[in-house]
Every structure is written in structure tokens, then in C-alpha cells.
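Trainee: What follows is a single structure, and I will ask about it in a moment.
The values are calculated or read from the model by the stated rules, or taken from the named source; none is laboratory data. It should be emphasised that the depicted structure is a prediction, and the values quoted were computed from it without experimental measurement. Using ideal geometry, Cβ is built from the backbone for each residue, glycine included, and neighbour counts are taken over all protein chains shown.
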Amino acid sequence: MDSDREFSDLKLERRECEKCGAAWINGQHVWGGTGNTSESSELDLAGLVCNKLGNHQCINPMKGKEGGQTWEYRAGYIDGMITERKKNIQDMNDRFGDL
Ligand SMILES: [Zn+2]
């Protein structure tokens, strides 16, 4: 069996979800903009985009699956950061008064 042959004509296969604009390179989902990917990438994509926007055109194999990140999750994360920042500013004000 000639297994080298498989690697001799490597090419980038790029597929794009017509519906969500998500991109897969060689079957691996990558985030637009950052080009990042992860194990749960497709599931996160489903939670964030495909479950809401996707229809039969959507090519995400994880579409309709629960368990990925959602905007609710992200919003909670961001809310937490904002609360933290406000608290820091409040601490500063308490410490230095109104300069
Ligand atoms: Zn999609």
C-alpha cells in the first residue's frame, strides 16, 4: 500500500456555510477573523450561530446540538467582567475620593 501518495497532493479544501458564513478548512471548522479552532468549535458554532440562523442549507454537522457556547453564556461572561471593572472603579473612588 502506497500511503505516501495521499500526502503528495495535499490541497486546502475550503467549504463555507452559505447560511452562517462559517468556514471549514479540510473538514476542520475555523472561526472567521481569528482563524482559531478548537475541539468544541463546531458545537460552539452551533450554539452561537447555526442553531439560531441555520436551516437546511447549514453545513455544520453539529447544528441542532446543545452544549456549546451560547450568547447567554458569553453575555454572562461579559457581564461578569463589566461588574468586576465597575467594582474596581468604585474601589478607586472610595480610596481617592473625588479628586
Ligand atoms: Zn451553519
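Trainee: I'd like to verify a number: residues in the range 42-71 that are in contact with a helix residue (DSSP H, G or I) (Cβ under 9 Å, 6 or more places away or on another chain) and without any contact (Cβ under 8 Å) to a residue 12 or more places away in the chain, how many?
Mentor: The qualifying residues number 1.
Trainee: Show me the helices (runs of 4 or more DSSP H) entirely contained within the range 1-97 in which 1 or more residues are loosely packed, with under 11 Cβ neighbours inside 10 Å and at pLDDT below 90.
Mentor: 4-8, 71-96
Trainee: Is the range 44-55 home to any residue that is away from the ligand (no atom under 16 Å from the Cβ) and among the hydrophobic types (A, V, I, L, M, F, W, C)?
Mentor: No, the range 44-55 contains no residue that is away from the ligand (no atom under 16 Å from the Cβ) and among the hydrophobic types (A, V, I, L, M, F, W, C).
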